[in-house]
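Throughout, read-outs are computed from the coordinates displayed, never taken from laboratory work. Since the structure is predicted, the reported quantities are computational estimates derived from the model, not experimental observations. As a convention, Cβ positions derive from the backbone with ideal geometry for all residues, glycine included, and neighbour counts pool all protein chains shown.
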Amino acid sequence: MLGEARIPYGTWGSSYFPAWQTSALAEVNIGQFAGESMARIMGLRGVPKSELEYLVIGSTVPYHWKFWTAPMIASLMGKRLPGFHIEQACATGLQAIIQGANEVAIGSHDVVGVLTFDRTSDSPVGVFPERRSYQRTVPIADVWDNFGFDPVTGQAMLNTGGNAARKYKLDRREVDDLTFHRYEQYFNAKESGFLDRVMVPLDLLTVQGKKLGTIDADLGVRMITRESLAAQRELDTCVTSGTQTHASDGMATLLVCNKDRVADLSKRPEIQISVVAKAEVRVNPAFMPEAPAMAVKKLLDRTGLTMDDMAVVKDHNPFAVNDAIFAKVLDYDWREMNKTGCSLVWGHPQGPTLTRIVIEALEEAVDLGGGYVLVFGCAAGDVGIAAVLKVEG
């Protein structure tokens, strides 16, 4: 059924992802920014708001007005639409696309907007009643405390990187080399102008509409050296400050439609983009970085495809060890993936991370003349998610 849905070429875009607390994006309502930015991107892509019938949004960090979910975000776009909100930690960006495709595939709507966003900067602190505990209330910061403590295992996400690195006997030098290569890939893509085709400079407005500034770069990203990576101390096995991603803020959006609407919406109607299949797995406790590789294995087994069939391979890699483990499990050269950049370098705002990865992967596949696109990543709870898309024409 997923194959009945299409992603019309060019009806997508992403903000740049400024690192935590590096821009005025830390001062705005992320829901307002995302809704207004989607309207801006669709306008630039030549898609009238009247074409949209439904909205699927995804985010992980609470924001003011979140109770109203997609209908509120649609109103900020200037369009009254129904819709819903999903949340699956770091997998949110891909899951939202899948759910949008499902809405189209079952015939509920012909054109669905997918919008993902998050602001890790100044994430709110909630106070939760806990009557079963000796503490009457337990304050918890949504992002930072959760990163540092899995209530099932008691371990931080960082420790899952170390656990997995020891299990697969990773070499620290290889992980550093892999990280350096990822930075080279990002800056090569930036210099070539590739990123200019998918990233959109966006204005920041207050609730009252006052301009605060413009987001026009992945702020906080700078080139590193092998020497600086080697000099960093291990926080856990093969995990250093340099070999893991950083928290950031941003949004990303795309459209999903049925086959009959591609010609009306696509910038290049001869290009057909479909979602072939999706898989998810959950691995043993506190081994999150191996979950994406296992999800890909499951996906390949179900579809009969192989890694040799893939024209583009791209993932969300919060730790460089994710890619090193994937290379071992799938017997795949890590140099052949993430050729236009990845979240290890440009950061991780959670909700929109995998959406931006999908957008970049599709652009890369179009440049290559089409083919299968493999996108995958991990999520809290030792979960891995993977999907194959196909670009034709």
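Annotation: average projected area of segment 214-327 is 11.2 square nanometres, based on the convex hull of Cα atoms across all directions.
Electrostatic tally near residue 321: other residues with Cβ closer than 12 Å to its Cβ, Lys and Arg +1, Asp and Glu -1, net -2. FRET efficiency for the residue 65 to residue 122 pair, using the beta carbon distance and R₀ = 25 Å, is estimated at 0.95. Which of these, 288, 307, 337, has the largest mean-square fluctuation under a Gaussian network model of the chain (Cα springs below 10 Å)? Of the options given, 307 has the highest mean-square fluctuation.
Just to be sure I follow: if Rg is taken over the C-alpha atoms of segment 279-393 and Rh is the Kirkwood radius over the same atoms, what is Rg/Rh? Taking Rg over the Kirkwood Rh, I get 0.93.
Sorting 7-16, 209-218, 83-92 by average packing, meaning the other beta carbons within 10 Å per residue, from highest down gives 7-16, 83-92, 209-218. Could you work out how far the C-alpha centroid of segment 23-44 sits from that of segment 46-104, in angstrom? First find each Cα centre; the distance between them is then 13 Å. Mind telling me which of 127, 262, 112 comes out most flexible in a GNM of the chain, alpha-carbon contacts under 10 Å? Of 127, 262, 112, the most mobile in the Gaussian network model is 127.
Length gained on full extension, residue 26 to residue 158: 45.1 nm, using 0.36 nm per residue less the C-alpha separation. Placing a pseudo-label 7 Å from each Cα along the Cα-to-Cβ vector at residue 233 and residue 167 gives an inter-label distance of 2.7 nm. Taken over segment 201-279, the ratio of Cα radius of gyration to 2.2 N^0.38 Å equals 1.80. Using a Gaussian network model of the chain whose springs link C-alpha atoms within less than 10 Å, name the residue from 300, 235, 178 with the highest mean-square fluctuation. Most flexible of the set in this elastic network: 235. The equivalent ellipsoid of segment 19-124 has semi-axes of 23, 16, 12 Å, largest first, where each one is the square root of 5 times an eigenvalue of the Cα gyration tensor.
Between the alpha-carbon centers of segment 357-393 and segment 314-350, tell me the distance in whole angstrom. Comparing the Cα centres of segment 357-393 and segment 314-350, I get a distance of 12 Å.
In plain terms, if you count all Cα to Cα distances in segment 314-376 and split them into 5 Å steps from zero, the share in each step is 4, 18, 29, 24, 18, 7, 0 percent.
Counting only Cα atoms, the size of the chain along its three principal axes is 55, 53, 41 Å, in decreasing order.
Each listed q (0.12, 0.15, 0.20 Å⁻¹) maps to a log10 I(q)/I(0) for segment 125-278 from the Debye sum over equal C-alpha point scatterers, namely -0.94, -1.15, -1.23. Enumerate the lysines that residue 66 could reach by cross-link, defined here as Cα to Cα under 18 Å, with residues fewer than 8 away along the same chain left out. Once the sequence-local lysines are set aside, what remains near residue 66 is 79. Pairs from the table (297/328; 259/339; 190/339) lying more than 21 angstrom apart at Cα are 259/339.
Determine the sum of side-chain charges near residue 259: Lys and Arg each +1, Asp and Glu each -1, restricted to other residues whose C-beta is under 14 angstrom from that of residue 259. Don't jump to the answer; show the numbers that get you there.
Details: positive: 6, 261, 390; negative: 4, 110, 260, 264, 270, 392.
Every neighbour counted, the sum reads -3.
The calculated 222 nm mean residue ellipticity attributable to helices in the chain amounts to -10000 deg cm²/dmol, summing -39500 (n - 2.57) over DSSP H runs of n ≥ 4 and dividing by all residues. Modelled label positions at residue 4 and residue 260, each set 7 Å beyond Cα in the direction of Cβ, lie 1.2 nm from each other. Note on residue 197/residue 329: beta-carbon distance plugged into 1/(1 + (r/R0)^6) with R0 of 35 Å gives a FRET efficiency of 0.65.
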